[in-house]
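First up is the structure itself, then whatever we jot down about it.
The values are calculated or read from the model by the stated rules, or taken from the named source; none is laboratory data. On a predicted model such as this, the values are computed, not experimentally measured, just so you know. Positions of Cβ are generated from backbone atoms using ideal geometry, with glycine treated the same way; all protein chains shown enter the neighbour counts. Surface areas here come from the heavy atoms of the whole protein model, side chains and all, with no ligands, DNA or RNA. Shrake-Rupley method; radii C 1.70, N 1.55, O 1.52, S 1.80 Å.
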Amino acid sequence: MKRALITGITGQDGAYLSQLLLGKGYEVFGVIRRSSHRGVEDHRLRWLGIADRVTLLDGDLADLSSLVRIVKEVQPDEVYNLAAQSFVASSWRQPILTANITAIGVTHMLEALRAEKPDARFYQASSSEMYGLIQEEMQSETTPFYPRSPYAVAKLYGHWITVNYRESFGMHASSGILFNHESPLRGVEFVTRKVTDGVARIKLGLATELRLGNVDAKRDWGHARDYVKAMWLMLQQETPDDYVVATGRTTTVRDMCRIAFEHAGLDIERHLVIDPAFYRPAEVDVLLGNPAKAHRALGWQPETSLEQMIVEMVEADLARLRETTR
Ligand code: NAP
Ligand code: GDD
């Protein structure tokens, strides 16, 4: 039985990846941060019905000693480093924390592996945010980076330190440059979930408006359930490498919103309010990924359209809200 260790197991991708790996017969271990609200952190794992099937170990990406202890204990075959301060907007308010976790935390994880399990295969959760002010209309593995937020700068460090450990120490370390991916398990501060939760609230009479920032921004959105398959595929390759994972289609925030409002039978013009409070100090105007290498080398294809995903998210939020307001 293969053993996988996932940092960020309590996040969106960690939950879907755990589900995928359990289905493949892996023994799944995850790093969980100590919290005074113990009992709620695993809500995504519970939503998927797999909380009892994974082993959670106390640790933090800021604490190298905890990672060394965990790697020594678990002796993982594969390590997926998904933990991060992942909300771009917060990274201007907490730039140093973002650097400590999202950048230096990657080196902590790599050092723990180098010391305790150097032959483990390593996946780093890199991001399309690294392209920022895009240098090519469609971004691929060879497009130059131009980060536009403290988050993106930190992710760029994480990406290059992964490449560097691969080249310096021969580690099987791969970097997945994933474009935006969403699901009913997305954090409610990210725009798709904010929209589907907001639309569900309006539909149920719990709110009258939805306040958003820059609705002209464009993103290449896919489903997290599809994207975690690409992570796993990367670690099944003989040689480690870097891959863009995207759909190859870009859509404005406004058009993504329209899908949600239309599905709920609501008029977007009556409820959407533009609020400059949600503008960012520097914006990433458009992202559009070229997943040709992932198609070719990994045989990976996205299976869920944006429309299907937004409908799934609206329905999940309606069900959740009906349950909690009953
Ligand atoms: P997420 O839902 O925000 O999950 C982040 C996870 O990191 C959570 O489990 C969180 O734990 C954990 N974490 C944060 N700080 C930590 C620390 N100091 N020590 C240990 N764990 C810590 O993010 P996601 O959407 O699943 O994304 C997974 C990864 O992919 C992230 O690195 C993200 O930056 C990257 N990424 C995401 C996308 C996307 O569109 N979703 C695209 C490209 C790259 P708590 O539950 O305790 O908060
Ligand atoms: N969150 C949010 N809230 N975003 C808004 C809002 C709002 O009210 N209004 C407009 N937007 C715009 C943002 O300005 C941005 O251009 C776009 O919607 C997407 O924002 P997010 O959903 O917060 O995602 P992100 O693209 O900044 O970052 C996500 O994707 C990255 C990959 O490209 C995160 O998951 C990152 O962790 C990930 O690396």
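Some points to look at:
- Of all residues in the range 290-310, those being within 21 Å of T192 (Cβ to Cβ), in contact (Cβ under 8 Å) with a residue 40 or more places away in the chain and open to solvent by less than 50 Å² (accessible area, probe 1.4 Å) number 6.
- Count - residues of the range 80-116 that are in contact with a Leu (Cβ under 9 Å, 6 or more places away or on another chain) and within 13 Å of ligand 1 (Cβ to nearest atom): 18
- Close pairs from the range 208-221: first farther than 12 Å from E283 by Cβ and among the acidic types (D, E), partner open to solvent by less than 50 Å² (accessible area, probe 1.4 Å) and not in a loop (DSSP other than H, G, I, E, B), Cβ under 6 Å, at least 6 apart: E209/H271; E209/V273; D220/G289
- Residue within the range 63-76 that is within 12 Å of ligand 1 (Cβ to nearest atom) and open to solvent by 20 Å² or more (accessible area, probe 1.4 Å) present: yes
- Selection from the range 141-155 of residues that are open to solvent by 20 Å² or more (accessible area, probe 1.4 Å) and away from ligand 2 (no atom under 11 Å from the Cβ): E141, T142, P144, F145, Y146, P150, V153
- Residue satisfying condition, being touching a Lys or Arg at 6+ places or on another chain (Cβ under 7 Å), open to solvent by less than 60 Å² (accessible area, probe 1.4 Å) and closer than 29 Å to L233 by Cα, within set L318, L287: L287
- Residue match in the range 64-77 (condition: more than 13 Å from ligand 2 (Cβ to nearest atom), in a strand (DSSP E or B) and farther than 15 Å from G11 by Cβ): no
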